[in-house]
Structures are given as structure tokens and as C-alpha cells.
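What follows is a set of notes on a single structure, which appears directly below.
The values are calculated or read from the model by the stated rules, or taken from the named source; none is laboratory data. Because the structure is predicted, anything quoted here is derived from the model rather than measured. Using ideal geometry, Cβ is built from the backbone for each residue, glycine included, and neighbour counts are taken over all protein chains shown. The area values use the complete protein model at the heavy-atom level, side chains included, leaving out ligands, DNA and RNA. Shrake-Rupley method; radii C 1.70, N 1.55, O 1.52, S 1.80 Å.
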Amino acid sequence: MPDGARRPIITLLTDFGIADAHVAIMKAVVLSICPEANFVDISHEIPPQGIAQGAFVLETAWRQFPSGSVHVAVVDPEVGSARRGLALQASGHHFVGPDNGLLSYILDEDGARAVALTRPWYFLNKVGHTFHARDVFAPVAAHLARGTALSSIGDAVALTELRRLPLSRPSIQPGEIEAHIVHVDRFGNLITDLKKAELLSWLSEGNRAHIQAGPVEINRLSRYYAEVEPGQPLALISSSDRVEISVNLGSASEKLGLGLGSAVRVTRLE
Amino acid sequence: MPDGARRPIITLLTDFGIADAHVAIMKAVVLSICPEANFVDISHEIPPQGIAQGAFVLETAWRQFPSGSVHVAVVDPEVGSARRGLALQASGHHFVGPDNGLLSYILDEDGARAVALTRPWYFLNKVGHTFHARDVFAPVAAHLARGTALSSIGDAVALTELRRLPLSRPSIQPGEIEAHIVHVDRFGNLITDLKKAELLSWLSEGNRAHIQAGPVEINRLSRYYAEVEPGQPLALISSSDRVEISVNLGSASEKLGLGLGSAVRVTRLE
Amino acid sequence: MPDGARRPIITLLTDFGIADAHVAIMKAVVLSICPEANFVDISHEIPPQGIAQGAFVLETAWRQFPSGSVHVAVVDPEVGSARRGLALQASGHHFVGPDNGLLSYILDEDGARAVALTRPWYFLNKVGHTFHARDVFAPVAAHLARGTALSSIGDAVALTELRRLPLSRPSIQPGEIEAHIVHVDRFGNLITDLKKAELLSWLSEGNRAHIQAGPVEINRLSRYYAEVEPGQPLALISSSDRVEISVNLGSASEKLGLGLGSAVRVTRLE
């Protein structure tokens with residue numbers, strides 16, 4: 001068996017922050033079951049109870065990991081209530097988390113399958129009501145990483161029964177696109193819900209985009225940040241293939257006064 | 001030898017933050033001695049010089065790790081002075097850190113044993129006065145992880161000679177318990193020093209708890225956060241089996257104006 | 001082959017922060033090429049576009065790692081422009097990052113060699129303009145970690161052609177040294193550009209240093225923080241062998257009103 005194959009990748013995404021021991025406790029539980037686990041932290045700085053933000057950050061990351069990875073995602077304000085726990089399989093990856101919309105993007109993957117976490121012999125012996133990341137999701141992820149099949153981990157459940165977020169989508173009209181900001185990154189870059197392929201298909205041959213973002217108008221797509229002068233706004237295609245509004249060497253969020261949910265309008269430049 | 005056994009777990013807890021390279025330097029030193037080390041960060045966001053907070057966060061985490069783990073804890077304002085360095089063994093785990101109370105909770109474990117770190121051949125060649133995490137604690141942890149016995153690492157020292165924090169304890173009277181907040185987590189949840197077992201034993205059969213926390217009175221123990229309406233306060237048993245005051249989908253710390261050391265009063269509901 | 005040798009160390013230093021998935025995506029790319037990679041995060045909290053700060057933090061850390069480590073450093077405001085990507089070899093370590101000064105300190109190492117990253121077969125299949133950490137630097141680091149030689153990874157380039165920061169240096173005069181603060185750590189300690197060896201050589205036998213740092217005068221070098229009363233300023237030799245101004249149990253930066261670039265004057269005490 002190749003060395004890498006013995007160290008299954010488990011990624012973690014939570015709103016637990018890094019000051020408390022919650023994330024370390026999840027890892028401790030996993031290591032007790034699967035000592036070979038190779039952890040990669042995606043983010044623990046999802047805003048508290050920020051299900052939509054967590055769903056988006058997970059969506060930007062998981063595809064880059066090797067097939068066979070297990071992704072544990074926990075933003076779980078209803079922990080301990082009747083909300084279900086889930087394990088999903090899609091595109092050769094596994095996902096574990098609460099049934100509250102956090103895994104919405106995954107449900108749209110071709111061939112996605114889901115099970116409800118109903119089999120306590122895959123949980124910790126004692127399951128409380130406030131920390132299922134420790135008691136349920138970490139041990140289930142560890143068992144998946146060790147090779148337990150999805151069909152053994154829980155009871156099959158139809159994707160249509162699962163909760164989905166109303167995912168932000170651009171309004172694409174013949175004469176105008178209204179996109180929306182779905183993520184503000186550390187640099188103040190504004191990532192929209194408009195995908196590169198959607199924009200290019202709408203623009204069609206020979207047209208250029210005119211973009212209105214708050215107080216500024218942008219008449220071209222740049223390729224990289226330093227293409228404009230320091231402090232100037234620009235639009236480009238983000239590393240996740242979405243339209244992004246930025247300010248070179250500055251924060252577009254601060255400079256343009258825009259944030260989550262703000263509209264960005266695209267028209268064709270005559 | 002099983003694969004897991006070749007990768008000894010070393011956890012790290014410090015007040016170093018994550019912007020500087022201090023934690024990476026500790027790991028570099030460990031890897032130079034024990035290349036198989038499997039690191040888990042517990043927290044590096046202990047408030048600067050926050051010995052009591054560090055002791056509490058360590059106490060919430062270490063038991064979850066497999067036996068044989070080595071826990072390095074460094075909150076060390078007296079670094080370089082005459083304060084001792086310690087290695088402890090308790091319940092099958094090892095602990096390394098300064099003798100300043102940070103390891104107070106461990107000293108109460110059955111069968112705990114301690115040695116003072118007096119043997120420079122287990123340290124880096126050059127030991128300075130400002131960074132014993134690098135020069136002393138990291139190399140000692142690496143040697144323990146490689147299998148050096150506690151009795152070889154240092155000179156036995158009686159537990160009674162070691163410094164202890166005045167650990168916060170609830171005042172349990174026949175008619176009332178006064179508990180105290182010992183931790184505020186990322187969500188603003190208020191964790192008290194009152195343990196579940198203490199509360200249940202005091203309440204006795206058929207009685208219910210009435211809890212006064214700052215401006216609010218709470219007449220029942222909830223099982224989970226979403227049991228009350230958004231924005232409403234509640235009390236429940238925390239994931240570390242302590243009485244916890246929370247606000248569903250909000251910050252109890254902000255909403256109730258309570259923080260570290262604040263009192264929480266429990267009486268029996270007639 | 002010993003177990004440790006099969007797990008090449010890859011360190012990461014960026015200005016990406018830890019809320020977004022950028023760092024996880026870099027690790028995912030590395031693991032796809034080099035599943036045995038053993039990651040150590042140096043810092044992801046370099047201030048956005050803080051090339052000089054990143055260079056300094058890297059310099060304080062990399063020497064502690066075992067020979068053979070690969071250090072990926074990305075603070076890259078000009079990503080996607082004509083600025084070069086680099087791989088360096090120095091003192092048995094490899095370094096990967098943009099040619100913008102971030103690797104300035106490494107260029108001064110004896111025997112340092114550099115190549116420009118011009119061979120797309122070591123990159124991801126699709127290279128964009130905004131995230132070379134993912135598309136170029138991570139895969140190149142993974143190939144170096146797997147044993148690809150520096151001379152194969154890119155085209156040799158003379159060190160004199162590479163961009164260097166104007167690294168902060170103290171002004172050492174016969175009667176006075178003017179040092180400068182080059183780093184403020186989490187505790188508010190002020191690290192200067194004056195190295196221990198430079199100070200000792202200048203002071204000469206029998207002389208003591210008199211240090212003026214903002215509003216305070218310090219008449220001796222302390223060995224450790226707790227040597228002075230709580231709240232009092234002191235000077236000592238930092239863990240990276242530089243002159244450091246501190247306040248015991250407090251923040252020198254706040255208390256003295258000093259920060260990056262501030263001058264610290266050293267004279268000989270009569």
C-alpha cells in the first residue's frame with residue numbers, strides 16, 4: 001500500500017474559532033479511531049452560526065483535494081435538536097455535517113448520495129446535546145476515513161428530503177446581469193455569485209463588460225490586480241472562477257462600501 | 001509496529017498567537033529530534049500571560065487524546081528566571097511546561113508524577129532566557145515522544161512542592177450554590193466552575209434548578225441551545241460537563257454583561 | 001528509508017489569513033503531488049501585502065527546521081504580472097515564492113542559488129493570474145519535496161538579477177548606535193535590527209549599554225522579562241539574538257508608543 005494511501009485526508013471547517021479547544025478535541029476523537037488521519041484545516045473562522053458563509057468556503061476548497069478525502073463541516077446552531085446528521089458521497093469525496101444547508105452545494109454534484117447518521121455504534125459512547133462535532137461527526141468521519149462504506153455508516157435518505165440554503169444566484173437578463181457579493185476575503189476583495197462561464201456566454205463575441213459596483217464604474221476585466229494603479233478599483237475573474245471586484249493594494253470592501261449581499265450590475269459596453 | 005504508534009501525538013497550547021513564528025519554531029525543534037511527531041494545536045490564543053485560562057483550556061482538551069500523547073503547554077511570563085521547568089505523567093499522558101500553575105489541574109490526577117527539568121542534555125545546546133518553549137520544553141517533549149522515560153528526563157520532585165493556581169470552585173451551601181464563570185467561549189457562552197455531578201447531587205430527586213445569571217433568571221436546564229427562542233437565555237450542561245449559561249443564536253457574555261469571574265447563583269425551584 | 005525521511009517538511013508563510021480557504025487549497029495541491037508532505041504553518045497573519053514583515057518572520061524561523069525542508073512564502077501583490085516566480089536553495093533548504101523581495105534575507109546565505117519558475121510542467125495544468133500560490137508555488141514546492149533537483153525545476157538566474165528589499169540596518173557610529181524596530185510581536189515586544197554580536201563588539205570590554213527607546217531610558221541589559229518589576233521597561237537579547245525592548249507583563253509597543261521603524265538609540269554608559 002503506498003504511504004500516502006495509509007494517511008487519509010480529513011479536512012475540517014467550523015465556526016469554532018481557534019481560541020478554544022473544540023477543534024483539537026475533534027482531532028483527538030478522530031485520532032483515537034483513525035491514528036493515520038492527515039488533517040487539513042479549511043477554516044475555523046466561519047462567523048458564528050454562519051451557515052451560508054461556511055457552505056461557500058467549503059465549496060471553494062474541497063474540489064482541490066485528492067479523491068477519497070473526508071470533509072467534516074460543522075456550523076450547527078441547532079445541535080442537539082431533531083435536526084439530522086448527514087454523511088454524503090459525491091465525486092469521490094465524503095462529507096459529514098448537520099442537515100441544515102451547510103452541505104447545499106454538494107447536493108448538486110452529479111451522483112451525490114446521502115445517509116442520515118442514525119447508527120450510534122459509529123458515534124462516541126456518550127452523545128451529548130451540545131457538541132456533535134465531537135460526539136458524532138468526528139467519529140463518523142474517522143470511520144469513513146478508515147474505509148467504512150457510506151451505506152454502512154447510516155440510513156439512505158433522498159436528497160430531496162434534505163435542507164438546502166437559498167443559494168445566491170445572479171439575475172441574468174438580456175440587457176443586464178445583477179450579481180451579488182457572496183464572499184469578502186481577507187484583502188477586502190468582493191467575490192460575486194456570477195461565474196466566469198455565465199459572464200462569457202452572456203457577453204458573446206466582441207462585447208466588453210461594463211460593471212457598476214457601488215460608487216464606481218469599471219469598463220474592462222483585468223487579468224491581475226497590479227494591472228491598475230495602486231488604490232484603483234478593478235474587476236477580474238477570481239481564483240474560483242467568479243467575477244471579483246477588487247482594489248489594487250487596498251480593500252474594495254472598505255473603499256466601495258460594499259459587503260455580503262450587495263448588488264453588482266453588469267451591462268454590455270457599446 | 002502499527003503505523004499510528006510510529007507517529008506520537010504532541011499537542012501544543014501557548015499564548016504565542018499565530019502571527020509570529022514562535023509555534024513553528026517549537027515544531028521545527030521537535031521535528032529535528034522526533035521526525036514522526038504528529039502535532040495537534042490546542043490553542044495559541046490564550047491571552048498573554050493568562051496562566052489560569054491556559055490551565056482551563058488544557059483541562060478541557062487533554063483527556064480526549066489517546067493515551068501516550070505528550071502535551072506541551074507554555075504560558076510563561078517568568079521564562080528565564082528561577083522558576084522550574086516540569087514534565088508530568090498522569091493517566092498515561094505526558095505534560096511539559098513551566099512550574100507556574102499552568103499544570104495545576106493535572107496535579108490532581110490519580111497517580112500523577114513530576115520531574116524537574118534539570119538535565120541539559122535533553123535541551124537544545126544553547127539555552128537562552130526568553131524562549132524556553134524552543135530551548136527546553138519542545139526538545140523535552142520530543143524526547144518523551146520518542147520514548148525516553150519520565151524518570152530519565154529529570155529529577156523527581158514531590159507534587160506538594162509545585163505551584164498551584166487557586167482554581168475557581170463553586171461555593172455549595174445547603175440552600176444555594178454560588179458558581180463562577182471560568183471561561184467565555186467564542187460564541188459568548190459562559191462556562192461555570194459548577195460540574196454536572198455536583199449540581200445533580202445537590203439538587204436531589206425531584207427538584208429543579210433556578211439560576212440567576214446577571215439580570216436574568218432561568219427556571220430550567222435546557223438540553224440544547226435551540227430549545228429556546230432566538231435571543232433568549234438558557235442554562236444547560238456544557239460539553240465539558242459544567243453548568244453553562246448561553247443565549248440561543250447570540251452571545252450570553254454580551255447580552256447579560258457577564259465575564260470571567262462573574263457569579264451565577266443556583267437555588268432550588270419550589 | 002527511515003520513516004521521517006519519507007515525510008518531507010513543507011512550511012507555509014502567507015498573508016492569506018485563516019478565515020478563507022486559500023491555505024487549505026495550497027495544501028490540497030501539494031498533497032495531490034506529494035501525499036507524504038508534512039506541513040508546518042509559519043504564519044498566515046503577515047499583514048496584507050506586507051513583504052518586509054513576511055521576509056522578517058521567515059528569517060526568524062527557517063533555520064530551526066531540519067535540512068531538506070521546503071519553505072513556501074507567498075506575499076504577492078503583483079501576482080499574475082511579469083514578476084518572476086523563484087525557487088532558491090541555501091544552506092540545505094529550499095525556498096519557493098515570488099521575486100519581490102520576500103526572499104531577500106535568503107539571498108545573503110553562503111552558496112545560495114536561484115532558478116526562475118519557467119517550466120509549466122511543474123505547475124498546475126491551468127495557471128490563472130490571481131492565485132500563483134495554488135497554481136505555481138504549491139506544485140513546485142511539492143516537486144522539490146519529492147526530490148526534483150533545483151536545476152530541473154527552473155532556469156538558473158543570477159542572484160544579482162533578483163529583487164531585494166532595502167533591509168533595515170542599524171547605523172553604527174563610534175559614539176552611538178541608531179537601531180530600528182523591525183518587528184512587534186504579539187506581546188508588544190519591540191524587536192530591533194541590532195544584532196547581539198554587533199552590540200557586544202561595539203560596546204567592548206567593561207562598557208554597559210544605555211538605551212533610549214521613546215520616552216524611557218534603560219541602563220542595563222536584562223536577561224529575562226521578570227528581572228524587572230511588572231509594568232517596567234527593559235532591554236534584553238531576543239530569542240532571535242537581536243536587541244529587544246519590552247515591558248514586563250505588559251506591551252512595550254503600547255506603553256512606549258513605538259512601532260515598526262521607530263528608532264532606538266544606544267550609547268555607552270560612563
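Of all residues in the stretch B:95-136, those that are polar (S, T, N, Q), closer than 17 Å to residue C:224 by Cβ and at pLDDT 95 or above total 1. For the stretch A:231-238, the criterion of being assigned to a strand (DSSP E or B), in contact with a Gly (Cβ under 8 Å, 6 or more places away or on another chain) and within 13 Å of chain C (Cβ to nearest Cβ) is met by at least one residue. For the stretch C:210-232, the criterion of being under 22 Å from residue B:24 (Cβ atoms) and open to solvent by less than 60 Å² (accessible area, probe 1.4 Å) is satisfied by at least one residue.
Scoring residue A:203 on the criteria (1) within 28 Å of residue A:252 (Cα to Cα); (2) touching a residue at least 60 places away in the same chain (Cβ under 8 Å); (3) buried (at least 20 other Cβ atoms within 10 Å of the Cβ) leaves a single failure, condition (3). Within the stretch C:114-150, the set of residues being open to solvent by less than 10 Å² (accessible area, probe 1.4 Å) and among the charged types (D, E, K, R) comprises C:135 only. Does the stretch C:186-193 include one or more residues that are of a type in the set (Ser, Thr, Tyr) and surrounded by 13 or more Cβ atoms within 10 Å (Cβ to Cβ)? Yes, because at least one residue in the stretch C:186-193 is of a type in the set (Ser, Thr, Tyr) and surrounded by 13 or more Cβ atoms within 10 Å (Cβ to Cβ). Would you mind finding the one in B:171, B:240 that is without any contact (Cβ under 8 Å) to a residue 12 or more places away in the chain, within 25 Å of residue B:54 (Cα to Cα) and open to solvent by less than 50 Å² (accessible area, probe 1.4 Å)? Going through B:171, B:240 in turn, the sole match is B:171. Among the strands (runs of 3 or more DSSP E) confined to the stretch A:121-227, the ones with at least 3 residues that are within 21 Å of the chain's Cα centre (by Cα) and under 15 Å from residue A:264 (Cα atoms) are located at A:177-184, A:190-195. Kindly indicate the residue of the stretch C:243-261 that is in a helix (DSSP H, G or I) and open to solvent by 50 Å² or more (accessible area, probe 1.4 Å) and also nearest to the other protein chains (Cβ to nearest Cβ) among those meeting that condition. So, considering only residues that are in a helix (DSSP H, G or I) and open to solvent by 50 Å² or more (accessible area, probe 1.4 Å), the one nearest to the other protein chains (Cβ to nearest Cβ) is C:254.
Restricting C:150, C:124 to those that are touching an Asp or Glu at 6+ places or on another chain (Cβ under 8 Å), closer than 25 Å to residue C:7 by Cβ and not polar (S, T, N, Q) reduces the list to C:124.
Conditions (1) over 30 Å from residue B:247 (Cβ atoms); (2) polar (S, T, N, Q); (3) touching a helix residue (DSSP H, G or I) at 6+ places or on another chain (Cβ under 9 Å), marked per residue:
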residue	(1), (2), (3)
B:119	yes, no, yes
B:123	yes, no, yes
B:136	yes, no, yes
B:146	yes, no, yes
B:153	yes, no, yes
B:159	yes, no, yes
B:163	yes, no, yes
B:189	no, yes, yes
B:197	no, no, no
